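Take a look at the structure set out below.
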Amino acid sequence: MSGGSIRSTTQSHLDIEDIRDDLVILKDGSAALVLQTTAVNFGLLSEKEQDAMIYAYGGLLNSLTFPIQIMIISAQKDISAYLKLLKNEEEKAGKVELRDQISKYRRFVEKIVSENKVLDKKFYIVLPFSSLELGMKSAGSSLFGQRKLQLPINFILEKAKNSLYPKRDHITRQLARIGLKCEQLKTQKLIELFYNLYNPEAIGTHTLVDTKEYTTPLVETKTVKIVKS
């Protein structure tokens, strides 16, 4: 072992370089636009409605001339705030009968949550922009394999927007035919999404500030020491 050492953080090894102008910029020069979409309970539809939806979904797939990624995130729903609200309403209730009814309902909800996992599902469509579209043969790299952008972020953003915005509009129209609504995640929502993905234990316990003042690391971790051999 040599005497020298390099200090690095886990965040420096993430693929994300920056989140700006409602896009995710990766360290290899690629980018991504994220759409959040609604869902439909297919099993509750009539046979005719199911056939129509399958036909519309097939039309969406056949219309694609570019890659997409469908992502579903399931997380246990935190209803502690709702239970606290019920408790407050119970204490404020003037009539004994009303207080008892709220108490019974609160205990019922607590029992349901304790016996069953209440999941919150969210659905996303990711539209990628490849660094190859910038004319880059390969991603840049630096010491210990940490990648470094070869082009200015503003240049990458301009090219990515020109490529991704028409694709976003096309997907939005096709989803509307199926009866689904979607919206592009803005910068603040993207930061919250990735923060919660990398820090699942912090969901519901940490509120992110506005992105203009955002300085908290995306991954909460201690600095690690890398010793050169």
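The values are calculated or read from the model by the stated rules, or taken from the named source; none is laboratory data. Remember, predicted model here, so these are calculated numbers, not experimental data. So basically every Cβ, Gly included, is an ideal-geometry build from the backbone, and we count neighbours across all protein chains shown. Note: areas computed on protein heavy atoms with side chains; ligands, DNA, RNA excluded. Shrake-Rupley method; radii C 1.70, N 1.55, O 1.52, S 1.80 Å.
Tabulated data for the structure shown
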quantity: Pairwise label distance in nanometres, Leu132 with Lys87, each label 7 Å out on the Cα-Cβ vector; calculated: 5.6 nm
quantity: Aspartates and glutamates with Cα under 12 Å of Lys159, excluding same-chain neighbours fewer than 8 positions away; calculated: Glu133
quantity: Proximal aspartates and glutamates to Lys27, defined as alpha-carbon separation beneath 12 angstrom and excluding residues fewer than eight positions away on the same chain; calculated: Asp15, Glu17, Asp18
quantity: Largest-first ordering by accessible area, 1.4 Å probe, given options Phe66, Phe155; calculated: Phe155, Phe66
quantity: Solvent-accessible surface (1.4 angstrom probe) belonging to Ile72, in square angstrom, nearest 10; calculated: 100 Å²
quantity: Exposure ranking of Phe123, Phe42 by accessible area [1.4 Å probe, largest first]; calculated: Phe42, Phe123
quantity: Partners for Lys77 among aspartates and glutamates (Cα-Cα distance below 14 Å; same-chain residues under 8 apart left out); calculated: Glu110, Glu115, Asp120, Glu201
quantity: Long-range HN-HN contacts of Gln150 with modeled amide H, under 5 Å; calculated: Gly140
quantity: Inter-site label distance for Ile54 and His170 at 7 Å from Cα along Cβ, in nm; calculated: 2.6 nm
